[in-house]
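Trainee: Sharing a structure with you now.
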Amino acid sequence: MSSTTIPARRGPMAILARTGRMIMPAIVLFWLAMAFFGYWVAPYDPAGIQDADLFEGMSRKFWLGTDYFGRDMLSRIVAGARYTVGISLMATSLAVASGVLLGLAASAIGGFFDAAVSRFLDALISIPSKMFGLVLVAAFGASIPVLVMTLAVIYLPGCYRINRSVAVNVAALDFVAVARARGESTLYIMLREILPNMIGPVLADFGLRFIYVVLLLSSLSFLGLGVQPPQADWGSLVRENMPGLPYGAPAVIMPAIAIASLTIAVNLTIDSVFGRHTREGVR
Amino acid sequence: MEPLIDIRDLRIRARTAEGQDIEIVKGVSFSVRRGEVMGLIGESGSGKTTIALATMGYARYGCRIAGGTIRIGDIAVTSLDEKGLQQLRGQKIAYIAQSAAASFNPSRPIMAQVIESALIHGLMGEAAAREKAISLFRAMAIPQPETIGNRYPHQVSGGQLQRLMAAMALITDPDVVIFDEPTTALDVTTQIEVLKAFKEAIRDRNTTGIYVTHDLAVIAQIADSITVLRHGEVQEIATTSQLISNPRHEYSQKLLAAAEPALRPSPVTDRQARPLLRVSGMSAGYGLTGKDGMPAVPVLRDIDLTIGRGRALGVIGESGCGKSTLARVIAGLTPASRGTVTLDGIDLAPGIAGRSREQLREIQLVFQMADTALNPKVTIDEIIGRPLTFFFGMKGAARDRRVRELLDLTRLPATVQHRFPGDLSGGQKQRVNFARALAAQPKLLLCDEVTSALDTVVAAAILDLMAELRRELGLTTMFISHDLKTIRAICDDIMVLYSGRVVETMPAAALETGRHHPYAGLLLGSVPALRTDWLESTEAASLQVQGVPPALSSGGCAFFPRCTLAEPGRCNTEVPPFRDYPGGIGAACFRLAAE
Amino acid sequence: MNATIGRLLLTRLVAAILTLWFVATVVFVITNLLPGDVAQELLGQSATPEAVAGLRKALGLDLPPWQRYLEWLWKMVQGDAGRSLVNGSPVAALIGSRLGNSLILAGITALVAVPVALVLGITAAVHRGSVYDRVVGAGTVLAVSVPEFLVASAAVLVFAVQLRWVPALSQLGRLETVLDVVRTFALPVLTLTFVIVAQMARMTRAALVDVLSSSYIEMARLKGAGQARIVVWHALPNAIGPIANAIAFSLSFLLGGVIIVETIFNYPGIAKLMVDGVSTRDLPLVQACAMLFCGAYLLLVTMADVAAILANPRLRHR
Ligand SMILES: Nc1ncnc2c1ncn2[C@@H]1O[C@H](COP(=O)(O)OP(=O)(O)O)[C@@H](O)[C@H]1O
Ligand code: SF4
Ligand SMILES: [Mg+2]
């Protein structure tokens, strides 16, 4: 350990690492594109029953096999990106935007406002996320707007906590004191002095939060409590094809792999852009 | 005679955060004879610590020894394996680090850590090791030598921990001891005791050592010869007396000049100049305000001060005594809980919200850490231009012109205007810091430790700039520092703070003469002078009480626990009144009043 | 134990109880904000107004909300969670019949996961930067990024479908031989362990790396201490707090994990009960299960806090 030598970064490992750095963002972009255009680029009608057996394996014709109705899995997954990626993106944006706003305000205003908001949201953190999801769905049902709100509410407290601590750290720096001593307004201090210095951590947190939201949404759908038929996100696809599991049908495993490809790609993209340390301490 | 330590063409490489592989020590060679101490001096980042650690065959995470040889006696350190290195470390060479507080394991009692290396290397039994540790504690003048080892690190003061760490290094009677800035983290009045203890230990044991520091005056007391480093390269190697009397290399000359900053002449010599700032009866602190109107954490009590127009007041005191808080109170960032702040005859509201924009403009603050005082996401143009727009409504070409004038005034190249703070060096950032304050055309400039984070040579240039600005703009300044030499170089009057109270005020000229408050006297006597025999000749160390201070009953003199002149029964029960003495000195001390 | 520690522990305990109360309030408010009328919904559109009114009265829905809240809270405190809206049996009995199963599942998982995670995390931290560390790092990122049901499905595919070592579904039938136990619990435990180990190993590594990069560890190296001594004597005592925190926090992932795992393996535990309750909108059941899960979570988090306080030398030796 002591006279540490760092292994030189050459050879196959390095090439792998370099291509890896390119591939991961590419996968993220691919799924983003599918969220918008998936429905149109799908090879078959995602809802159309094809001339095929149920739970067919992979073939030339149906790259990822068919589902329990004999529909083309590839088309259903590509079309499902709209729900998984779309809902998650909306929910994450909502949670992060409110978290940043509240965190900024708490750090710039401080005092009672800060204490009240912090206490309240910190208490909400002690409801495990899946549990919180179940309770909210039990109460409000599972329409898509409700799902977006539910996911945003669940992740808002964590988002707030991170952003508040980042904002408080920035607000303690001397240049903020200089601006205060000059007589600048709270709004100017929030937007011009503090916010620009939060961009990095906010983006990293956005990525991590997005992963959590995707996983939670998929879990809810998998339990039948998320996106409802006939609409189907990737979690729903796994659920509706579970009967194919004993036959080893790709219809079960492929949507799950789609989820994993998205979350892993986002994860590794964050790592390569922001460094490995961002993750630690994030809830 | 064969040198005991011999370093030849040492090269150390490191991987930066961006993944680049760079050379941080570029072919350094020097040698140290048995029984001598070699000083390594240089600015931060010049590779001092890296070289010192390399002599133990150690490189920090991310660094590696890439070339050269290191010999300790007949051991070739660079070709030892892990086992060999373990046997070398702690037994043949020992290390004393900068921060003792961080270098002791918080979970283990002190004694167990002090004797650890003796036990690891199987040099003696546990009982014998304890015996030896206690005798070392005695030699280091550590109070309560018998029992201090049972305590945990957080239960012991910084100065004592530093000496305990020396005992930890000496327990195995190593051939070589590495001192890595061992007094830098200490207050100057604590530093002197530690230095004395080190020097005695070195002399008594005929220790061979490498002493790393950035402070020429400190190293002059300890080292026999000095290696001057810059950017990982040796600039000059000379004996200590030669280096401080007759440095050959240009960089050494600069270092020497900066170590004893010359007095900058004052533009306003009239002590009776019309007051610009007057603070009276002011108390302040942090936390919620209690029933008695005082904050939960009181920091400053009953502060009175005046600064004459165009004059510079230096505020000195150890860290945590409330210097920065004083500046914040005057600027309105920390509202005073009692007393008044008057600028140009007008009482200012305690908080920013209650002050007019004009009043805010007239007082400007310059902070210590230029790194945190400049918003890294904003261009220099915007940083300096914002006050112009905010206070004077300047825009477009007019503002642009004024920004360039200010850059010129602070001796910054015009090319930095559209850069970001991250692109600038430490000294340049501090100049931008000044330019921003000057943009507001203030009457009063509050400078909080503006040179403390800079390397001495850079700091000297900033002092020149300040003197120039005072001369050209007639600025009134309050200059806060923990370093007496800096204050003396630039200030007309000096105010000494101790534990939140003013204990003495004096004209700068009275520093060397006159009778002082016991704390001020201790402070003056503790600042190392740039001559090799200063440590032997100073009496400062005997000016303070050692050991566990008696409890301070509320209301007494704050300095009572450390004061050798203290009069128990009086000093610890009444607050000494502030009186005037000959030579323009004012002080709060019963003893001084009685004489 | 000294006064400061006592006071801190008491503060934690009070905070945990207050939080639980807050959570209970949130759960109550959410489940009573229902847009529709529970009574109407239960009886269907064809029910007569009298019948609906009768049921409303029976459910206490005619009372003002705060009164219902107080009553509900008081009953909860006493352990009375009301009756199921679906089959009318007491919720407490329903939960009681399932709780043991879930606890066994969680217990076995913890027994397997904690040692594995600690070994992985500690060895990775000690060999920081090595190939081993990077493999563990990459593996754990992958594991925390995939949904539990992918792990579960993959496990079923491999061990039940391909290899036929274990049955795909857990049915707590006969547990007579050790083999029965293993066959029943293997896949659920494997799935849960997979997810939790990754989380716990990452946090343990981070905690230990933090300690290992401190100055006193460097000092120990410079005193000539060997690797084993540095890790065991110097580093671990200072990492106990953070590691306990990592364990407790990761175990709280179990709470989410069991929801998926019990569903996918059809395991008769409490999470399955709750999911069924949500599907049928059996609110008293959902409320009670939610409180149980939140209580468990708070218990874990509080235990982590307590461990951190007890392990802090600055607090222990005043
Ligand atoms: N924001 C704060 N809240 C509470 N205490 C503070 C705060 N800032 C400073 N202090 C305390 O006030 C005392 C004086 O601090 P400061 O004025 O920064 O001293 P100096 O500048 O002389 O080092 C210290 O004990 C410090 O810990
Ligand atoms: S008042 Fe007493 S204790 Fe205070 S400095 Fe003077 S002699 Fe010392
Ligand atoms: Mg200060």
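Trainee: Report, for the protein assembly as shown, the % of DSSP beta bridges that are antiparallel, rounded to 5.
Mentor: 60
Trainee: Taking the alpha-carbon centroid of each part, what is the distance from the stretch B:562-595 to the stretch B:203-273 in angstrom?
Mentor: 36
Trainee: Still on this structure, I have one more. With charges only on Cβ, +1 for K and R and -1 for D and E, what is the dipole size of chain B about its Cα centre, in debye, rounded to 20?
Mentor: 1260
Trainee: May I ask you to compute the full-extension gain from C:Leu99 to C:Tyr132, defined as 0.36 nm times their residue separation minus their alpha-carbon distance, rounded to one decimal in nm?
Mentor: This chain segment gains 7.9 nm when fully extended.
Trainee: C:Leu299 versus B:Ala66, label points 7 Å from Cα toward the beta carbon: distance in nm?
Mentor: Inter-label distance under the simple model: 5.7 nm.
Trainee: When the helices in chain B are scored as -39500 (n - 2.57) per DSSP H run of 4 or longer and the sum is shared across all residues, what 222 nm value do you end up with, to the nearest 500 deg cm²/dmol?
Mentor: Calculated at 222 nm, the ellipticity per residue is -9500 deg cm²/dmol.
Trainee: Probe of 1.4 angstrom, ligands and nucleic acids ignored: what's the accessible area per residue over the stretch B:171-237, in square angstrom?
Mentor: That works out to 29 Å² per residue.
Trainee: Would you please give the FRET efficiency between C:Ser46 and C:Asp180, computed as 1/(1 + (r/R0)^6) with r the Cβ-Cβ distance and R0 = 56 Å, to the nearest 0.05?
Mentor: For R0 = 56 Å, the calculated efficiency reads 0.70.
Trainee: Then there is this: For chain A, list the DSSP H helices whose alpha carbon atoms reach 30 Å or more along the long axis and whose average Kyte-Doolittle value is -0.5 or above?
Mentor: Helices passing the filter in chain A: A:11-41, A:73-109, A:144-171, A:199-222, A:250-274.
Trainee: So how much accessible area does C:Asp62 have, in Å² to the nearest 10, using a 1.4 Å probe?
Mentor: 80
Trainee: Now, a different point. Beyond a 31 Å Cα-Cα separation, which of these cross-linked pairs lie in this structure: B:Lys429/B:Lys485; B:Lys26/B:Lys196; B:Lys254/B:Lys429?
Mentor: Pairs exceeding 31 Å: B:Lys26/B:Lys196.
Trainee: Nearest 100 Å² is fine: how much accessible area is buried between A and C, summed over both sides, with a 1.4 Å probe?
Mentor: Interface between A and C: roughly 4100 Å².
Trainee: Please state the charge dipole magnitude for chain C, taken about the Cα centre, from unit charges on C-beta atoms (+1 on K and R, -1 on D and E), reported in debye and rounded to the nearest 20.
Mentor: 1160
Trainee: A further question follows. Once a ≥ b ≥ c are taken as the square roots of the eigenvalues of the Cα gyration tensor of the protein assembly as shown, is the result rounded (a/c under 1.5), prolate (a/b larger than b/c) or oblate (a/b not larger than b/c)?
Mentor: Taking the square roots of the gyration eigenvalues as a ≥ b ≥ c, the protein assembly as shown is prolate.
Trainee: Next up: Roughly how many debye, to the nearest 20, is the charge dipole of the protein assembly as shown about its Cα centre, given +1 on each Lys and Arg Cβ, -1 on each Asp and Glu Cβ, and no other charges?
Mentor: 320
Trainee: I would also like to ask the following. Could I have the simple spin-label model distance between B:Ala273 and C:Asn266, label points 7 Å from Cα toward Cβ, reported in nm to one decimal?
Mentor: Taking the simple label geometry, B:Ala273 and C:Asn266 are separated by 9.2 nm.
Trainee: While we're on this one: Would you be so kind as to identify which of C:Leu8, C:Ser153, C:Ala239 lies farthest towards the positive end of the dipole of chain C, taking Lys and Arg as +1 and Asp and Glu as -1 on Cβ and the Cα centre as origin?
Mentor: Farthest along the dipole direction, towards plus: C:Ala239.
Trainee: With the Cα gyration tensor of chain B giving a ≥ b ≥ c as the square roots of its eigenvalues, does the rule (a/c under 1.5 for rounded; else a/b larger than b/c for prolate; else oblate) give rounded, prolate or oblate?
Mentor: Since a/c reaches 1.5 but b/c is at least a/b, the shape of chain B is classed as oblate.
Trainee: Put +1 on the Cβ of each Lys and Arg and -1 on the Cβ of each Asp and Glu in the protein assembly as shown; which of C:Leu142, A:Leu134, B:Gly514 then has its Cα farthest toward the positive end of the dipole?
Mentor: After comparing all options, I get A:Leu134.
Trainee: Could you state the accessible area per residue of chain C in Å², with a 1.4 Å probe and every protein chain left in place?
Mentor: Heavy-atom SASA per residue in chain C reads 45 Å².
Trainee: Could you work out, residue by residue across B:383-395, how many beta carbons of other chains sit within 10 Å of that residue's beta carbon, and then give the average as an integer?
Mentor: Mean shielding count: 1.
Trainee: If you roll a 1.4 Å probe over the stretch C:57-206 with all protein chains in place, what percent of the accessible area is carbon or sulfur?
Mentor: Answer for the stretch C:57-206 is 70 percent, counting heavy atoms of protein chains only.
Trainee: Please average, across the residues of B:367-374, the number of beta carbons from any other chain that are within 10 Å of each residue's own beta carbon, and give a whole number.
Mentor: 4
Trainee: Restricting to the stretch B:3-259, compute how many DSSP beta bridges are antiparallel as a %, nearest 5.
Mentor: Close to 60 percent.
Trainee: Next up: Show B:Leu216, B:Leu473 ordered by accessible area, largest first, where the area counts protein heavy atoms only and the probe is 1.4 Å.
Mentor: Listed by decreasing accessible area, they come as B:Leu473, B:Leu216.
Trainee: Expressed as an acute angle from 0 to 90° and rounded to the nearest 10, what is the orientation of the C-alpha long axis of helix C:270-279 relative to the principal long axis of chain C?
Mentor: The helix C:270-279 is inclined about 50 degrees to chain C.
Trainee: Restricting to chain B, compute how many DSSP beta bridges are antiparallel as a %, nearest 5.
Mentor: Just about 60 percent of them are antiparallel.
Trainee: The stretch A:69-130 to the stretch B:308-342: how many Å between their Cα centroids?
Mentor: 45
Trainee: Among the residues of the stretch A:206-223, which ones have their accessible area go down by 40 Å² or more when all the protein chains sit together, as opposed to their chain alone (1.4 Å probe)?
Mentor: A:Leu215, A:Phe222, A:Leu223
Trainee: Scan around B:Ile210 for amide H atoms under 5 Å from its own, H built in the peptide plane at 1.01 Å from N, and keep only partners 5 or more places away or cross-chain.
Mentor: Under 5 Å from the amide H of B:Ile210 lie the amide H atoms of B:Met38, B:Val177, B:Ile178, B:Phe179, each far enough along the sequence or on another chain.
Trainee: Related question: Answer with one residue from B:Phe578, B:Gly42, B:Ser99: the one whose Cα lies farthest towards the positive end of the charge dipole of the protein assembly as shown, charges on Cβ with Lys, Arg +1 and Asp, Glu -1.
Mentor: Comparing the listed Cα positions along the dipole, B:Gly42 ranks first.
Trainee: Further, regarding this structure: Name the residues of the stretch B:107-126 whose accessible area, probed at 1.4 Å, falls by at least 40 Å² once all protein chains are in place instead of their chain on its own?
Mentor: Listed by number, the residues meeting the 40 Å² cut-off are B:Ser107, B:Arg108, B:Glu116, B:Ile120.
Trainee: Per DSSP helix of 4 or more residues, -39500 (n - 2.57); summed, then divided by the residues of chain C. What does that give at 222 nm, rounded to the nearest 500?
Mentor: -25000 deg cm²/dmol
Trainee: Okay, next question. At a probe radius of 1.4 Å, figure out the B/C buried accessible area, summed over both chains, and give it in Å² to the nearest 100.
Mentor: Chains B and C together bury approximately 2500 Å².
Trainee: Between A:Leu187 and C:Asn87, how many nm apart are label points set 7 Å from Cα along the C-beta direction?
Mentor: Spacing of the two 7 Å Cα→Cβ label points: 6.0 nm.
Trainee: Now for a separate question. What is chain C by shape, rounded, prolate or oblate, if you read a ≥ b ≥ c off the alpha carbon gyration tensor as root eigenvalues and call it rounded for a/c under 1.5, prolate for a/b larger than b/c, and oblate otherwise?
Mentor: In terms of gyration-tensor shape, oblate.
Trainee: For the pair A and B, how large is the buried accessible area, both sides, in square angstrom to the nearest 100, if the probe is 1.4 Å?
Mentor: When A and B are taken together, about 2200 Å² of accessible area is lost.
Trainee: To the nearest 10 degrees, how steeply does helix C:91-126 sit against the main Cα axis of chain C, on a 0 to 90 scale?
Mentor: 20
Trainee: Let me ask another. Sort B:Leu530, C:Leu190 by heavy-atom solvent-accessible area, probe 1.4 angstrom, most to least.
Mentor: C:Leu190, B:Leu530
Trainee: Additional query: Are there any residues in the stretch A:100-132 with a reduction of at least 30 Å² in accessible surface when going from the isolated chain to the assembly of protein chains? Probe 1.4 Å, please list them by number.
Mentor: For the stretch A:100-132, once contacts with the other chains are taken into account, A:Ala123, A:Ser126, A:Ile127, A:Pro128, A:Lys130, A:Met131 lose 30 Å² or more.
The values are calculated or read from the model by the stated rules, or taken from the named source; none is laboratory data. Please read all numbers here as calculations on a predicted model, not as lab measurements. Cβ coordinates were reconstructed from backbone atoms using ideal geometry, including for glycine residues, and neighbour counts include every protein chain displayed. Side chains are part of the model used for accessible areas, which takes the heavy atoms of the whole protein and leaves out ligands, DNA and RNA. Shrake-Rupley method; radii C 1.70, N 1.55, O 1.52, S 1.80 Å.
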